[in-house]
Amino acid sequence: MNYSIIKQLLEHLEDYEKLTQNDGGTTMENFVDYLSYSINKPETAVEVTEEELLNVSISQYVAHLYRFARSYTKIALEDSPLTTVDDFLYLGKVMELSHCTKTELIEHNAHEKTSGMEIIKRLLKNGFLAQEDDPNDGRSKRLTITAEGKSEFFAALESMKKSANLVGGPLSMVEKLHLMHLLQKLHTFHKPLFAEKNASLDEMLEQIDLEELAQ
């Protein structure tokens with residue numbers, strides 16, 4: 001029997017339990033994921049903690065997944081007058097809400113105001129959205145989706161479903177539900193921080209208690 005491997009395995013398990021002692025996440029599947037990460041984690045010349053290195057890896061994988069998803073949606077929309085996936089998502093959100101202000105639409109899609117206004121301007125110019133005065137606020141406009149906008153949204157829908165299926169990849173239904181739960185948790189955490197337009201990273205970190213959120 002190779003006792004050296006058993007000793008290494010126990011050491012990894014001890015480290016894993018220290019990291020997860022407050023979150024109730026000690027399961028065989030989670031430990032296997034942690035073990036794979038620990039064995040294959042990248043070398044770094046900068047002294048960082050295990051958790052900091054893990055956070056960097058999460059950020060990298062999220063960024064990569066975003067790029068993969070955008071490449072699939074670009075293919076899905078290549079025969080559509082909708083320029084980007086954001087055009088598609090904006091139309092879908094307006095249709096879901098029935099009507100909304102420009103600010104509400106931009107916030108729903110987690111965009112900077114300048115970028116969001118460019119998307120809205122493009123959709124208005126192409127006749128996919130319409131705007132009218134807000135009866136409750138004379139300074140604001142309310143957006144609705146036009147018949148042409150609905151037509152283009154549904155024309156692109158099947159191709160967008162195919163691109164979404166590629167993003168989900170080999171994950172099982174249980175894995176997708178678990179990932180969705182984690183992504184929703186991250187979304188809830190980041191959305192108010194994203195609204196702090198002029199806050200520094202240190203100021204954002206001062207507002208939160210990561211240990212409490214992890215429980």
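What to note about this one:
- Residues whose amide H lies under 5 Å from that of T101, counting only those 5 or more places away or on a different chain, are L143; hydrogens are built 1.01 Å from N in the peptide plane.
- Qualifying GluC sites (Glu not before Pro) in region 112-215, DSSP loop, other Cβ atoms within 10 Å at most 15: E112, E196
- Converting phi to 3J(HN,Hα) with the Karplus coefficients 6.51, -1.76 and 1.60 and the offset θ = phi - 60°, region 152-160 yields 5, 4, 6, 5, 8, 4, 5, 5, 5 Hz in sequence order, with x at every glycine or proline.
- Shape call, region 125-215: gyration tensor on alpha carbons, a/c limit 1.5: oblate
- Theoretical FRET efficiency, 1/(1+(r/R0)^6), r = Cβ-Cβ of M95 and Q60, R0 41 Å, to 0.05: 0.75
- Gain on full stretching of the segment that runs from E17 to D133 - 0.36 nm per residue minus C-alpha separation: 36.0 nm
- Inter-site label distance for S151 and K121 at 7 Å from Cα along Cβ, in nm: 2.7 nm
- Placed amide H near S140: partners under 5 Å, 5+ positions off or other chain: D134
- Virtual paramagnetic centre 7 Å along Cα→Cβ of L205, amide N under 18 Å, in region 50-93: 50-60
- Centre separation in Å (Cα based) which lies between region 164-193 and region 77-153: 25 Å
- Neighbourhood charge, 12 Å Cβ-Cβ cut-off, centred on M204 and excluding it, Lys, Arg +1 and Asp, Glu -1: -3
- Basic side chains Lys and Arg get +1 at the Cβ, acidic Asp and Glu get -1 at the Cβ, and with that the dipole of region 125-215 about its Cα centre reaches some 620 debye.
- Taking the Cα centre of region 38-142 as reference, the dipole from Cβ charges on Lys and Arg (+1) and Asp and Glu (-1) amounts to some 500 debye.
- Among residues other than I106 with Cβ under 9 Å from its Cβ, the summed charge is -1 (Lys and Arg +1, Asp and Glu -1).
Bear in mind that the values in this text are calculations on the coordinates, not laboratory data. Worth saying up front: this structure is predicted, and the values here are computed from it rather than measured. Every residue, glycine among them, receives a Cβ derived from its backbone with ideal geometry; neighbour counts consider all protein chains shown.
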